[in-house]
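Single-structure report; data block below.
The values are calculated or read from the model by the stated rules, or taken from the named source; none is laboratory data. Since this is a predicted model, take the numbers as computed values, not measurements. All Cβ positions, glycine included, derive from the backbone under ideal geometry; neighbour counts span all protein chains shown. When the accessible area is computed, the model is the full protein with side chains, heavy atoms only, and any ligands, DNA or RNA have been set aside. Shrake-Rupley method; radii C 1.70, N 1.55, O 1.52, S 1.80 Å.
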Amino acid sequence: MLKQFDGSALDRRSLYFGDNLKVLRTLPDNLVALCCTDPPFNSGRDYNIFLGADAQETAFKDTWKYDDVAITTRRDVAERAANQEDGYVAAERFLKGFDVMFDSPTRGKDAELRSYLTFMAPRIVEIRRVLKETGSFYLHCDATASHYLKELCDVIFGRKQFRNEIVWHYAHMSATKRHFPRKHDIIFRYTKSNDWIFNADDIRIPYTESSLNREKYKIKKRPGFGEEVDSNWLHEKGKIPDTVWDMPLCRGKERFGYPTQKPRALYERIIKASSNEGDIVLDAFCGCGTTIDAAETLKRGWIGIDLTLLALEPIQERMQARHHLKAFEDYPVYGYPVNLQEVKVMLANGENSQRYKDFENWAVTRLGMNPTRHVGDGGIDGIGNYQLWHDEMMETVDTKAVCEVKSGRIQLPTVRAFRTAMNDAEATIGILIGLDTISAGIKQEMLKEGYYEHNGEKYPRLQYWQITDEYFANPASLMLDIKLPWQPEPIYHIEPHYDGEQQNLGLYNP
(Lines give C-alpha, C1' and ligand atoms only; values in the text may rest on other atoms or scores of the structure.)
Protein backbone atom coordinates (compact mmCIF):
# COMPACT_ATOMS: atom_id res chain seq x y z
CA MET A 1 0.00 0.00 0.00
CA LEU A 2 1.21 3.51 -0.79
CA LYS A 3 1.10 5.89 2.14
CA GLN A 4 0.03 9.49 1.57
CA PHE A 5 2.94 11.88 2.03
CA ASP A 6 2.21 13.89 5.20
CA GLY A 7 5.25 16.17 5.35
CA SER A 8 6.62 14.65 8.56
CA ALA A 9 10.33 14.76 9.33
CA LEU A 10 10.56 11.06 8.46
CA ASP A 11 9.02 11.71 5.05
CA ARG A 12 11.79 14.17 4.20
CA ARG A 13 13.75 11.03 3.39
CA SER A 14 11.51 8.55 1.59
CA LEU A 15 12.07 5.59 -0.70
CA TYR A 16 9.22 4.14 -2.75
CA PHE A 17 9.04 0.78 -4.50
CA GLY A 18 6.37 0.86 -7.18
CA ASP A 19 5.03 2.56 -10.29
CA ASN A 20 6.28 6.14 -10.08
CA LEU A 21 3.14 7.53 -11.68
CA LYS A 22 1.02 6.12 -8.86
CA VAL A 23 3.51 7.36 -6.28
CA LEU A 24 3.76 10.83 -7.78
CA ARG A 25 -0.03 11.17 -7.62
CA THR A 26 0.11 10.64 -3.85
CA LEU A 27 2.50 13.59 -3.40
CA PRO A 28 1.14 17.09 -2.71
CA ASP A 29 1.52 20.10 -5.00
CA ASN A 30 4.53 22.41 -4.68
CA LEU A 31 6.56 19.98 -2.57
CA VAL A 32 10.04 19.63 -4.04
CA ALA A 33 12.64 22.22 -5.00
CA LEU A 34 14.23 20.03 -7.65
CA CYS A 35 13.57 16.93 -9.68
CA CYS A 36 16.61 15.48 -11.43
CA THR A 37 16.08 12.08 -12.96
CA ASP A 38 17.55 9.58 -15.37
CA PRO A 39 14.62 7.65 -16.92
CA PRO A 40 14.81 4.84 -19.47
CA PHE A 41 15.96 6.15 -22.85
CA ASN A 42 13.89 3.94 -25.18
CA SER A 43 17.17 2.24 -26.03
CA GLY A 44 15.62 -1.13 -26.89
CA ARG A 45 17.98 -2.88 -24.47
CA ASP A 46 17.65 -5.00 -21.34
CA TYR A 47 19.99 -3.76 -18.62
CA ASN A 48 21.49 -6.36 -16.29
CA ILE A 49 22.74 -5.87 -12.78
CA PHE A 50 25.75 -7.92 -11.73
CA LEU A 51 25.20 -9.62 -8.40
CA GLY A 52 28.36 -11.60 -8.04
CA ALA A 53 31.37 -12.89 -9.90
CA ASP A 54 29.34 -14.48 -12.68
CA ALA A 55 25.67 -13.90 -11.82
CA GLN A 56 23.47 -11.24 -13.28
CA GLU A 57 19.80 -10.32 -13.33
CA THR A 58 17.77 -8.05 -15.55
CA ALA A 59 17.48 -4.80 -13.61
CA PHE A 60 15.03 -3.22 -16.04
CA LYS A 61 13.86 -3.51 -19.63
CA ASP A 62 14.16 -0.41 -21.79
CA THR A 63 11.98 -1.92 -24.50
CA TRP A 64 8.53 -0.69 -25.47
CA LYS A 65 5.40 -1.91 -27.25
CA TYR A 66 2.18 -0.11 -28.02
CA ASP A 67 0.16 -2.62 -26.03
CA ASP A 68 -2.82 -2.63 -23.65
CA VAL A 69 -0.81 -0.80 -20.98
CA ALA A 70 0.05 2.02 -23.40
CA ILE A 71 -3.54 2.21 -24.63
CA THR A 72 -4.84 2.40 -21.06
CA THR A 73 -2.34 5.14 -20.19
CA ARG A 74 -3.30 7.08 -23.29
CA ARG A 75 -6.97 6.81 -22.38
CA ASP A 76 -6.21 8.08 -18.88
CA VAL A 77 -4.33 11.10 -20.26
CA ALA A 78 -7.27 11.88 -22.59
CA GLU A 79 -9.80 11.67 -19.75
CA ARG A 80 -7.75 13.95 -17.53
CA ALA A 81 -7.33 16.37 -20.41
CA ALA A 82 -11.12 16.38 -20.93
CA ASN A 83 -11.46 17.28 -17.25
CA GLN A 84 -9.02 20.17 -17.80
CA GLU A 85 -6.47 18.84 -15.31
CA ASP A 86 -3.39 21.04 -15.30
CA GLY A 87 -0.73 19.76 -17.70
CA TYR A 88 -2.78 16.94 -19.20
CA VAL A 89 -4.35 19.14 -21.87
CA ALA A 90 -0.86 19.92 -23.15
CA ALA A 91 0.25 16.28 -22.87
CA GLU A 92 -2.75 15.07 -24.84
CA ARG A 93 -2.16 17.69 -27.52
CA PHE A 94 1.44 16.53 -27.88
CA LEU A 95 0.50 12.84 -28.11
CA LYS A 96 -2.17 13.59 -30.72
CA GLY A 97 0.42 15.50 -32.71
CA PHE A 98 2.74 12.48 -32.67
CA ASP A 99 -0.11 10.30 -33.96
CA VAL A 100 -0.74 12.71 -36.81
CA MET A 101 2.94 12.80 -37.80
CA PHE A 102 3.43 9.02 -37.73
CA ASP A 103 -0.10 7.82 -38.60
CA SER A 104 -0.81 6.25 -35.18
CA PRO A 105 1.71 3.39 -35.46
CA THR A 106 1.07 0.12 -33.63
CA ARG A 107 4.16 -1.83 -34.77
CA GLY A 108 7.82 -1.18 -35.35
CA LYS A 109 10.16 1.56 -34.14
CA ASP A 110 7.57 4.33 -34.41
CA ALA A 111 5.15 2.35 -32.23
CA GLU A 112 7.91 1.79 -29.65
CA LEU A 113 8.55 5.54 -29.54
CA ARG A 114 4.81 6.20 -29.32
CA SER A 115 4.56 3.89 -26.32
CA TYR A 116 7.61 5.43 -24.65
CA LEU A 117 6.28 8.99 -25.02
CA THR A 118 2.87 7.86 -23.76
CA PHE A 119 4.67 6.48 -20.70
CA MET A 120 6.71 9.64 -20.11
CA ALA A 121 4.00 12.27 -20.71
CA PRO A 122 1.87 11.83 -17.55
CA ARG A 123 4.97 11.41 -15.40
CA ILE A 124 6.41 14.74 -16.56
CA VAL A 125 3.03 16.35 -15.90
CA GLU A 126 3.05 15.05 -12.32
CA ILE A 127 6.69 16.04 -11.78
CA ARG A 128 5.84 19.60 -12.79
CA ARG A 129 2.88 19.59 -10.39
CA VAL A 130 4.95 18.56 -7.35
CA LEU A 131 7.67 21.14 -8.06
CA LYS A 132 7.64 24.34 -6.06
CA GLU A 133 7.07 27.55 -8.03
CA THR A 134 10.82 28.18 -7.78
CA GLY A 135 11.57 24.57 -8.70
CA SER A 136 13.70 23.12 -11.51
CA PHE A 137 13.55 19.94 -13.58
CA TYR A 138 16.63 18.23 -15.05
CA LEU A 139 15.81 15.42 -17.50
CA HIS A 140 18.68 13.09 -18.41
CA CYS A 141 18.39 11.43 -21.83
CA ASP A 142 20.32 10.60 -24.99
CA ALA A 143 19.90 10.99 -28.73
CA THR A 144 17.45 8.07 -28.98
CA ALA A 145 14.46 10.22 -28.03
CA SER A 146 15.91 13.51 -26.75
CA HIS A 147 14.38 15.69 -29.46
CA TYR A 148 10.89 14.28 -28.78
CA LEU A 149 11.33 14.63 -25.02
CA LYS A 150 12.36 18.25 -25.52
CA GLU A 151 9.14 18.99 -27.43
CA LEU A 152 7.12 17.13 -24.78
CA CYS A 153 8.71 19.22 -22.01
CA ASP A 154 8.26 22.41 -24.07
CA VAL A 155 4.54 21.67 -24.23
CA ILE A 156 4.10 20.73 -20.56
CA PHE A 157 6.43 23.30 -18.95
CA GLY A 158 6.15 25.95 -21.68
CA ARG A 159 8.87 26.78 -24.18
CA LYS A 160 9.79 29.91 -22.23
CA GLN A 161 10.67 27.78 -19.21
CA PHE A 162 13.41 25.93 -21.07
CA ARG A 163 16.75 27.12 -19.65
CA ASN A 164 19.57 24.89 -20.89
CA GLU A 165 20.55 21.90 -22.94
CA ILE A 166 23.54 20.47 -21.06
CA VAL A 167 25.94 18.09 -22.78
CA TRP A 168 27.54 15.62 -20.42
CA HIS A 169 30.73 14.63 -22.23
CA TYR A 170 32.60 11.60 -21.00
CA ALA A 171 35.54 9.46 -22.09
CA HIS A 172 34.34 6.07 -23.24
CA MET A 173 36.11 3.28 -25.06
CA SER A 174 33.99 2.41 -28.07
CA ALA A 175 35.06 0.98 -31.39
CA THR A 176 32.89 1.42 -34.45
CA LYS A 177 33.48 1.39 -38.19
CA ARG A 178 30.06 2.68 -39.21
CA HIS A 179 29.37 5.56 -36.78
CA PHE A 180 31.06 8.30 -34.82
CA PRO A 181 31.68 6.93 -31.30
CA ARG A 182 29.01 8.07 -28.86
CA LYS A 183 30.52 9.96 -25.91
CA HIS A 184 27.82 12.22 -24.50
CA ASP A 185 24.37 12.36 -22.95
CA ILE A 186 21.91 15.25 -22.89
CA ILE A 187 20.37 16.88 -19.81
CA PHE A 188 17.47 19.30 -20.35
CA ARG A 189 16.91 21.96 -17.69
CA TYR A 190 13.48 23.54 -17.18
CA THR A 191 12.04 25.77 -14.47
CA LYS A 192 8.45 25.86 -13.32
CA SER A 193 8.26 29.67 -13.33
CA ASN A 194 10.35 32.74 -14.06
CA ASP A 195 11.59 32.81 -10.44
CA TRP A 196 13.99 29.95 -9.83
CA ILE A 197 16.91 28.87 -7.63
CA PHE A 198 20.35 29.02 -9.20
CA ASN A 199 23.38 29.00 -6.90
CA ALA A 200 26.11 30.01 -9.32
CA ASP A 201 28.80 30.48 -6.67
CA ASP A 202 28.26 26.96 -5.32
CA ILE A 203 29.19 25.28 -8.59
CA ARG A 204 32.22 27.29 -9.67
CA ILE A 205 35.14 25.17 -10.89
CA PRO A 206 38.85 26.10 -10.78
CA TYR A 207 40.37 27.72 -13.84
CA THR A 208 42.98 25.83 -15.83
CA GLU A 209 46.32 27.59 -16.14
CA SER A 210 45.57 28.83 -19.66
CA SER A 211 42.06 30.02 -18.84
CA LEU A 212 43.38 31.67 -15.66
CA ASN A 213 45.80 33.76 -17.74
CA ARG A 214 42.98 34.74 -20.10
CA GLU A 215 40.84 35.86 -17.16
CA LYS A 216 43.69 37.87 -15.70
CA TYR A 217 44.18 39.61 -19.04
CA LYS A 218 40.48 40.46 -19.32
CA ILE A 219 40.37 41.84 -15.76
CA LYS A 220 43.41 44.05 -16.36
CA LYS A 221 41.53 45.73 -19.20
CA ARG A 222 38.62 46.67 -16.95
CA PRO A 223 38.43 50.23 -15.53
CA GLY A 224 39.75 50.49 -11.98
CA PHE A 225 42.05 47.46 -12.15
CA GLY A 226 45.81 47.90 -12.10
CA GLU A 227 48.45 45.70 -13.61
CA GLU A 228 48.52 43.26 -10.70
CA VAL A 229 45.69 40.74 -10.33
CA ASP A 230 45.51 38.38 -7.36
CA SER A 231 45.86 35.00 -9.06
CA ASN A 232 45.01 33.06 -5.89
CA TRP A 233 41.75 34.94 -5.47
CA LEU A 234 40.88 34.45 -9.12
CA HIS A 235 41.75 30.75 -9.00
CA GLU A 236 39.63 30.16 -5.87
CA LYS A 237 36.73 32.06 -7.36
CA GLY A 238 36.75 29.81 -10.40
CA LYS A 239 34.25 29.90 -13.23
CA ILE A 240 30.63 28.92 -13.61
CA PRO A 241 30.40 25.73 -15.72
CA ASP A 242 29.14 26.21 -19.26
CA THR A 243 26.72 23.79 -20.93
CA VAL A 244 29.37 21.20 -21.77
CA TRP A 245 30.28 19.19 -18.67
CA ASP A 246 33.40 17.07 -18.97
CA MET A 247 33.03 14.42 -16.31
CA PRO A 248 34.18 10.79 -16.36
CA LEU A 249 31.82 7.85 -16.19
CA CYS A 250 31.43 5.97 -12.91
CA ARG A 251 34.59 4.09 -12.10
CA GLY A 252 36.62 2.60 -9.30
CA LYS A 253 35.07 2.21 -5.88
CA GLU A 254 32.08 4.34 -6.79
CA ARG A 255 30.84 1.78 -9.28
CA PHE A 256 29.14 -1.31 -7.87
CA GLY A 257 27.51 -3.08 -10.78
CA TYR A 258 24.21 -1.32 -11.44
CA PRO A 259 23.58 -0.67 -15.15
CA THR A 260 23.39 2.97 -16.28
CA GLN A 261 24.87 4.15 -12.95
CA LYS A 262 25.89 7.81 -13.19
CA PRO A 263 28.73 9.52 -11.28
CA ARG A 264 27.69 11.21 -8.07
CA ALA A 265 29.62 14.37 -9.00
CA LEU A 266 27.28 14.91 -11.96
CA TYR A 267 24.19 15.04 -9.74
CA GLU A 268 25.94 16.92 -6.96
CA ARG A 269 26.52 19.77 -9.40
CA ILE A 270 22.82 19.80 -10.36
CA ILE A 271 21.67 19.69 -6.73
CA LYS A 272 24.06 22.43 -5.64
CA ALA A 273 22.96 24.66 -8.51
CA SER A 274 19.20 24.32 -8.19
CA SER A 275 18.37 23.68 -4.53
CA ASN A 276 19.32 24.86 -1.05
CA GLU A 277 20.17 22.96 2.12
CA GLY A 278 17.01 21.56 3.68
CA ASP A 279 15.11 21.45 0.36
CA ILE A 280 13.63 18.19 -0.89
CA VAL A 281 15.07 16.64 -4.05
CA LEU A 282 13.02 14.15 -6.08
CA ASP A 283 14.25 11.38 -8.36
CA ALA A 284 11.30 9.58 -9.94
CA PHE A 285 13.57 6.96 -11.58
CA CYS A 286 16.12 6.65 -8.80
CA GLY A 287 17.82 3.41 -9.95
CA CYS A 288 20.71 2.62 -7.63
CA GLY A 289 20.34 5.90 -5.72
CA THR A 290 22.97 8.28 -7.09
CA THR A 291 20.63 11.28 -6.75
CA ILE A 292 19.57 10.50 -3.20
CA ASP A 293 23.17 9.75 -2.20
CA ALA A 294 24.20 13.15 -3.57
CA ALA A 295 21.21 14.86 -1.91
CA GLU A 296 22.05 13.36 1.49
CA THR A 297 25.69 14.34 1.08
CA LEU A 298 24.61 17.94 0.41
CA LYS A 299 22.17 18.05 3.36
CA ARG A 300 18.97 17.96 1.32
CA GLY A 301 15.89 15.88 1.92
CA TRP A 302 15.05 13.36 -0.78
CA ILE A 303 12.34 11.21 -2.32
CA GLY A 304 13.40 8.27 -4.47
CA ILE A 305 11.06 6.10 -6.55
CA ASP A 306 11.86 2.97 -8.52
CA LEU A 307 9.87 0.03 -9.84
CA THR A 308 12.66 -2.52 -9.60
CA LEU A 309 13.31 -4.17 -6.27
CA LEU A 310 16.85 -4.93 -7.41
CA ALA A 311 17.41 -1.18 -7.51
CA LEU A 312 16.18 -0.61 -3.96
CA GLU A 313 18.44 -3.27 -2.46
CA PRO A 314 21.73 -1.50 -3.35
CA ILE A 315 20.25 1.87 -2.36
CA GLN A 316 19.66 0.63 1.17
CA GLU A 317 23.19 -0.78 1.40
CA ARG A 318 24.58 2.43 -0.09
CA MET A 319 22.78 4.74 2.33
CA GLN A 320 23.82 2.68 5.34
CA ALA A 321 27.46 2.35 4.28
CA ARG A 322 27.93 5.97 3.23
CA HIS A 323 25.59 7.84 5.55
CA HIS A 324 24.82 5.43 8.42
CA LEU A 325 21.11 5.53 7.53
CA LYS A 326 19.09 2.35 8.07
CA ALA A 327 16.05 1.56 5.97
CA PHE A 328 12.79 1.49 7.97
CA GLU A 329 14.54 3.17 10.91
CA ASP A 330 15.97 6.41 9.52
CA TYR A 331 13.71 6.56 6.48
CA PRO A 332 10.60 4.67 5.32
CA VAL A 333 10.52 2.32 2.33
CA TYR A 334 6.99 2.32 0.97
CA GLY A 335 5.68 -0.51 -1.22
CA TYR A 336 8.45 -2.86 -0.04
CA PRO A 337 7.13 -6.05 1.56
CA VAL A 338 7.15 -5.61 5.34
CA ASN A 339 4.57 -8.25 6.20
CA LEU A 340 2.97 -11.35 4.73
CA GLN A 341 -0.05 -9.41 3.47
CA GLU A 342 2.15 -7.21 1.29
CA VAL A 343 3.93 -10.29 -0.08
CA LYS A 344 0.54 -11.66 -1.15
CA VAL A 345 -0.21 -8.36 -2.91
CA MET A 346 3.02 -8.77 -4.88
CA LEU A 347 1.87 -12.23 -5.99
CA ALA A 348 -1.69 -11.25 -6.88
CA ASN A 349 -1.15 -10.79 -10.62
CA GLY A 350 0.38 -14.19 -11.30
CA GLU A 351 3.78 -15.63 -12.16
CA ASN A 352 4.23 -13.59 -15.35
CA SER A 353 3.91 -10.22 -13.60
CA GLN A 354 6.88 -8.01 -12.76
CA ARG A 355 5.79 -7.87 -9.11
CA TYR A 356 5.90 -11.66 -8.91
CA LYS A 357 9.45 -11.66 -10.29
CA ASP A 358 10.32 -8.93 -7.79
CA PHE A 359 9.04 -11.18 -5.02
CA GLU A 360 11.19 -14.05 -6.29
CA ASN A 361 14.24 -11.78 -6.31
CA TRP A 362 13.42 -10.49 -2.83
CA ALA A 363 13.00 -14.00 -1.39
CA VAL A 364 16.20 -15.29 -2.97
CA THR A 365 18.30 -12.39 -1.71
CA ARG A 366 17.02 -12.96 1.86
CA LEU A 367 19.11 -16.14 1.71
CA GLY A 368 22.11 -14.24 0.39
CA MET A 369 21.80 -15.90 -3.02
CA ASN A 370 21.92 -14.39 -6.50
CA PRO A 371 18.71 -14.38 -8.58
CA THR A 372 18.82 -16.24 -11.88
CA ARG A 373 17.53 -14.80 -15.14
CA HIS A 374 14.08 -16.48 -14.79
CA VAL A 375 14.39 -17.75 -18.35
CA GLY A 376 15.91 -21.16 -19.02
CA ASP A 377 16.89 -21.48 -15.38
CA GLY A 378 15.78 -25.11 -15.07
CA GLY A 379 13.44 -24.34 -12.19
CA ILE A 380 16.12 -22.62 -10.13
CA ASP A 381 15.46 -19.05 -8.97
CA GLY A 382 18.61 -18.44 -6.94
CA ILE A 383 22.22 -19.63 -6.75
CA GLY A 384 24.80 -19.16 -4.04
CA ASN A 385 28.49 -20.13 -4.16
CA TYR A 386 30.28 -20.26 -0.83
CA GLN A 387 33.75 -21.05 0.48
CA LEU A 388 33.66 -22.85 3.84
CA TRP A 389 36.57 -23.58 6.13
CA HIS A 390 37.14 -27.31 6.60
CA ASP A 391 38.67 -28.03 10.02
CA GLU A 392 40.28 -31.40 9.18
CA MET A 393 41.59 -30.41 5.74
CA MET A 394 42.74 -27.02 7.09
CA GLU A 395 41.57 -25.27 3.91
CA THR A 396 38.46 -23.83 2.32
CA VAL A 397 36.06 -25.96 0.32
CA ASP A 398 33.64 -24.78 -2.36
CA THR A 399 29.96 -25.26 -1.62
CA LYS A 400 26.99 -24.48 -3.85
CA ALA A 401 23.35 -23.92 -2.91
CA VAL A 402 20.26 -23.33 -5.05
CA CYS A 403 16.69 -22.32 -4.29
CA GLU A 404 13.28 -22.15 -5.94
CA VAL A 405 10.36 -19.89 -5.02
CA LYS A 406 6.77 -21.14 -5.12
CA SER A 407 3.64 -19.13 -4.36
CA GLY A 408 1.25 -22.08 -4.36
CA ARG A 409 1.00 -25.23 -2.29
CA ILE A 410 4.09 -27.46 -2.39
CA GLN A 411 3.22 -30.84 -3.93
CA LEU A 412 5.31 -34.00 -4.32
CA PRO A 413 5.98 -33.39 -8.06
CA THR A 414 7.33 -29.93 -7.14
CA VAL A 415 9.78 -31.42 -4.64
CA ARG A 416 10.93 -34.15 -7.03
CA ALA A 417 11.41 -31.71 -9.92
CA PHE A 418 13.42 -29.35 -7.73
CA ARG A 419 15.53 -32.23 -6.40
CA THR A 420 16.38 -33.16 -9.99
CA ALA A 421 17.28 -29.54 -10.83
CA MET A 422 19.36 -29.29 -7.65
CA ASN A 423 21.36 -32.41 -8.50
CA ASP A 424 21.77 -31.37 -12.13
CA ALA A 425 23.27 -28.11 -10.83
CA GLU A 426 25.61 -30.16 -8.58
CA ALA A 427 24.41 -28.21 -5.56
CA THR A 428 25.20 -29.31 -2.02
CA ILE A 429 22.03 -27.83 -0.54
CA GLY A 430 18.67 -26.90 -2.07
CA ILE A 431 15.99 -24.74 -0.48
CA LEU A 432 12.37 -24.49 -1.54
CA ILE A 433 10.71 -21.21 -0.54
CA GLY A 434 6.95 -20.80 -0.14
CA LEU A 435 4.12 -19.34 1.91
CA ASP A 436 2.16 -22.46 2.88
CA THR A 437 2.78 -25.12 5.51
CA ILE A 438 4.08 -28.36 4.01
CA SER A 439 2.67 -31.77 4.86
CA ALA A 440 4.40 -34.55 6.76
CA GLY A 441 4.65 -36.48 3.49
CA ILE A 442 6.52 -33.61 1.84
CA LYS A 443 8.91 -33.37 4.79
CA GLN A 444 9.58 -37.10 4.53
CA GLU A 445 10.26 -36.79 0.80
CA MET A 446 12.77 -34.02 1.45
CA LEU A 447 14.61 -36.06 4.06
CA LYS A 448 15.25 -38.78 1.44
CA GLU A 449 17.92 -36.48 -0.03
CA GLY A 450 20.04 -37.04 3.09
CA TYR A 451 22.47 -34.70 4.80
CA TYR A 452 25.54 -32.63 4.06
CA GLU A 453 28.20 -33.02 6.77
CA HIS A 454 30.56 -30.17 7.55
CA ASN A 455 32.89 -29.86 10.55
CA GLY A 456 30.94 -32.41 12.54
CA GLU A 457 27.49 -30.90 11.86
CA LYS A 458 24.74 -32.33 9.66
CA TYR A 459 22.67 -30.11 7.36
CA PRO A 460 19.63 -31.43 5.42
CA ARG A 461 20.43 -31.30 1.72
CA LEU A 462 16.84 -30.43 0.81
CA GLN A 463 15.06 -27.88 3.03
CA TYR A 464 11.96 -25.70 3.07
CA TRP A 465 11.65 -22.08 4.19
CA GLN A 466 8.10 -20.97 4.86
CA ILE A 467 7.83 -17.18 4.79
CA THR A 468 5.63 -16.05 7.67
CA ASP A 469 4.92 -12.86 9.58
CA GLU A 470 7.44 -14.11 12.16
CA TYR A 471 10.24 -13.48 9.63
CA PHE A 472 9.25 -9.83 9.21
CA ALA A 473 9.08 -9.36 12.97
CA ASN A 474 12.44 -11.06 13.47
CA PRO A 475 14.54 -11.76 10.35
CA ALA A 476 16.96 -13.79 12.48
CA SER A 477 14.21 -16.41 12.77
CA LEU A 478 15.22 -17.52 9.27
CA MET A 479 18.04 -19.53 10.82
CA LEU A 480 15.55 -21.33 13.04
CA ASP A 481 13.55 -22.46 10.00
CA ILE A 482 16.48 -23.68 7.93
CA LYS A 483 19.93 -24.93 8.84
CA LEU A 484 22.94 -23.77 6.82
CA PRO A 485 26.70 -24.02 7.34
CA TRP A 486 26.98 -20.29 6.54
CA GLN A 487 25.19 -17.11 7.63
CA PRO A 488 23.17 -15.45 4.87
CA GLU A 489 24.64 -12.01 4.14
CA PRO A 490 23.57 -9.10 1.93
CA ILE A 491 24.75 -9.36 -1.65
CA TYR A 492 25.67 -5.73 -2.14
CA HIS A 493 28.84 -4.35 -0.59
CA ILE A 494 29.26 -0.60 -0.91
CA GLU A 495 32.45 1.20 0.05
CA PRO A 496 31.82 3.59 2.97
CA HIS A 497 33.90 6.29 1.27
CA TYR A 498 34.75 6.97 -2.33
CA ASP A 499 38.30 7.90 -3.27
CA GLY A 500 39.22 8.26 0.41
CA GLU A 501 36.81 11.15 0.84
CA GLN A 502 34.50 11.27 3.85
CA GLN A 503 31.09 12.54 2.80
CA ASN A 504 29.46 14.22 5.82
CA LEU A 505 28.30 10.93 7.28
CA GLY A 506 25.24 11.34 9.45
CA LEU A 507 25.36 15.14 9.55
CA TYR A 508 21.97 15.84 7.98
CA ASN A 509 19.02 15.54 10.35
CA PRO A 510 16.04 17.47 9.00
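Structure above, values below:
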read-out: Any pair with Cβ under 6 angstrom, 6 or more apart, that starts in segment 311-338 at a residue that is free of Cβ contacts under 8 Å to residues at least 60 places away in the same chain and ends at one that is of a type in the set (S, T, N, Q); value: Lys326/Gln320
read-out: Verdict on Ala427 being surrounded by 20 or more Cβ atoms within 10 Å (Cβ to Cβ), part of a loop (DSSP other than H, G, I, E, B) and at negative phi; value: yes
read-out: Matching helices (runs of 4 or more DSSP H) fully within segment 271-379 where at least 2 residues are open to solvent by 20 Å² or more (accessible area, probe 1.4 Å); value: 309-323, 340-347, 354-366
read-out: Which numbered condition Glu268 misses (of (1) of a type outside the set (A, V, I, L, M); (2) touching a helix residue (DSSP H, G or I) at 6+ places or on another chain (Cβ under 8 Å); (3) farther than 21 Å from Ile240 by Cβ); value: (3)
read-out: Strands (runs of 3 or more DSSP E) contained entirely in segment 84-193, each with at least 3 residues that are open to solvent by 20 Å² or more (accessible area, probe 1.4 Å) and touching a strand residue (DSSP E or B) at 6+ places or on another chain (Cβ under 9 Å); value: 162-169
read-out: Complete set of residues in segment 430-456 that are part of a strand (DSSP E or B) and open to solvent by 80 Å² or more (accessible area, probe 1.4 Å); value: Tyr451, Glu453
read-out: Hits in segment 12-39 - residues which are outside any loop (DSSP other than H, G, I, E, B), open to solvent by 10 Å² or more (accessible area, probe 1.4 Å) and out of contact with any Lys or Arg (no Cβ under 7 Å at 6 or more places or on another chain); value: Arg12, Arg13, Lys22
read-out: Output for segment 69-93, where each listed residue is within 14 Å of Val155 (Cβ to Cβ) and within 28 Å of the chain's Cα centre (by Cα); value: Val77, Gly87, Tyr88, Ala91
read-out: Residues within segment 275-304 that are in contact with a Gly (Cβ under 8 Å, 6 or more places away or on another chain) and farther than 22 Å from Thr26 by Cβ, tallied; value: 2
read-out: Verdict on Arg114 being among the charged types (D, E, K, R), in contact (Cβ under 8 Å) with a residue 12 or more places away in the chain and farther than 30 Å from Asn276 by Cβ; value: yes
